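The structure appears right after this line, and notes come after that.
The values are calculated or read from the model by the stated rules, or taken from the named source; none is laboratory data. It should be emphasised that the depicted structure is a prediction, and the values quoted were computed from it without experimental measurement. Backbone-built Cβ (ideal geometry, glycine too); neighbour counts: all protein chains shown. In case anyone asks, the SASA skips ligands and DNA or RNA and just uses the protein heavy atoms, side chains included. Shrake-Rupley method; radii C 1.70, N 1.55, O 1.52, S 1.80 Å.
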Amino acid sequence: MTPADRPALILGARSGIARGIAAALAKRGHPLMLAARRAGELDSDVSDLSIRYNCAVTAHEFDVLDLDGHAGFLDGLPATPSIIVCAIGVLGDQEKDAGEAQATKLIVDSNYLAPCLFLEQAAARMADTGGSIVAIGSVAGDRGRAKNYVYGSAKAGFATYISGLRQKYADSDLHVMTVKPGFVRTAMTEGMDLPGPLTSDAEPFAERVVTAMEKGRQVYSDLRWRALMAVITHLPERIFMKTKF
């Protein structure tokens, strides 16, 4: 089975970005394995994608927080994936979560610890067969802000880990790409007051992510956010502390 014939594994497949990436990959003819908690809720996605794009689509129960189950999950897949998209994450509520041990632990475990441990095992299995790992991070990890530093610190750790994984496999046929979205209209951001000029719809954003993966990009973020975060990350601390964004 060649890399082109092997399925793409979408982790956190019920998220808006994951659904957009699944559609973009299916459009290109990739078979799909959709993985998430409560996988039964993916039945409509399986039916829609398989009919619309005439590709094989399966759903798989997966809880990234079940650390002892990672190896068994990988062993139980029908094939070693050619692409893994990790779109797992928990935003949380900064005001409520800061200083609360269990809430903070959930955010750190969901956005950093558990995904990193899973991708470490997956990368080792894919190194010989080749393929791509697409890890969805966040621009929130580029600098700690009062509005989301619990979530942002976990995403910062995730980005650093993925950077190290990318260097580890630089001489192999495994491509590792970090994606840093800004604001994307999904269920996660529903109800938030999003700035229109800086907000993307999920499907166009996902299409750009897949195109970047196909081009072998190492890090992808929207041009608007690259420019904005370049300014934010270089602000002197004494000035940054006075900002309200």
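Here is how the numbers come out for the structure above:
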| read-out | value |
| --- | --- |
| Only one of Val219, Val231 that is of a type outside the set (Phe, Trp, Tyr), under 19 Å from Arg143 (Cα atoms) and touching a residue at least 24 places away in the same chain (Cβ under 8 Å) | Val219 |
| Count of the range 92-150 residues which are among the small types (Gly, Ala, Ser) and farther than 30 Å from Arg238 by Cβ | 12 |
| Residue within the range 39-53 that is open to solvent by 70 Å² or more (accessible area, probe 1.4 Å), farther than 30 Å from Gln218 by Cβ and of a type in the set (Gly, Ala, Ser) present | yes |
| Neighbours by Cβ (under 7 Å, 6+ apart or cross-chain): first from the range 19-45, within 18 Å of Leu65 (Cα to Cα); second open to solvent by 10 Å² or more (accessible area, probe 1.4 Å) and in a helix (DSSP H, G or I) | Leu34/Asp45; Leu34/Val46 |
| Residue that is modelled with the lowest pLDDT [pool: residues in the range 196-216 that are in contact with a strand residue (DSSP E or B) (Cβ under 7 Å, 6 or more places away or on another chain) and surrounded by fewer than 17 Cβ atoms within 10 Å (Cβ to Cβ)] | Leu198 |
| Ser138 vs. criteria among the hydroxyl-bearing types (Ser, Thr, Tyr), touching a Pro at 6+ places or on another chain (Cβ under 9 Å) and under 30 Å from Pro7 (Cβ atoms) | yes |
| Which listed residue, of Leu119, Leu106, Leu65, Leu11, is in contact (Cβ under 8 Å) with a residue 24 or more places away in the chain, under 25 Å from Ser153 (Cα atoms) and open to solvent by 50 Å² or more (accessible area, probe 1.4 Å) | Leu65 |
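Residues are listed down the side, and each one gets a yes or a no for (1) farther than 19 Å from Met213 by Cβ; (2) more than 18 Å from the chain's Cα centre (by Cα); (3) modelled with pLDDT of 95 or more:
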| residue | (1), (2), (3) |
| --- | --- |
| Thr80 | no, yes, no |
| Val85 | no, no, yes |
| Leu91 | yes, no, no |
| Lys96 | yes, yes, no |
| Thr104 | yes, yes, yes |
| Asp109 | yes, no, yes |
| Leu113 | yes, no, yes |
| Cys116 | yes, no, yes |
| Gln121 | yes, no, yes |
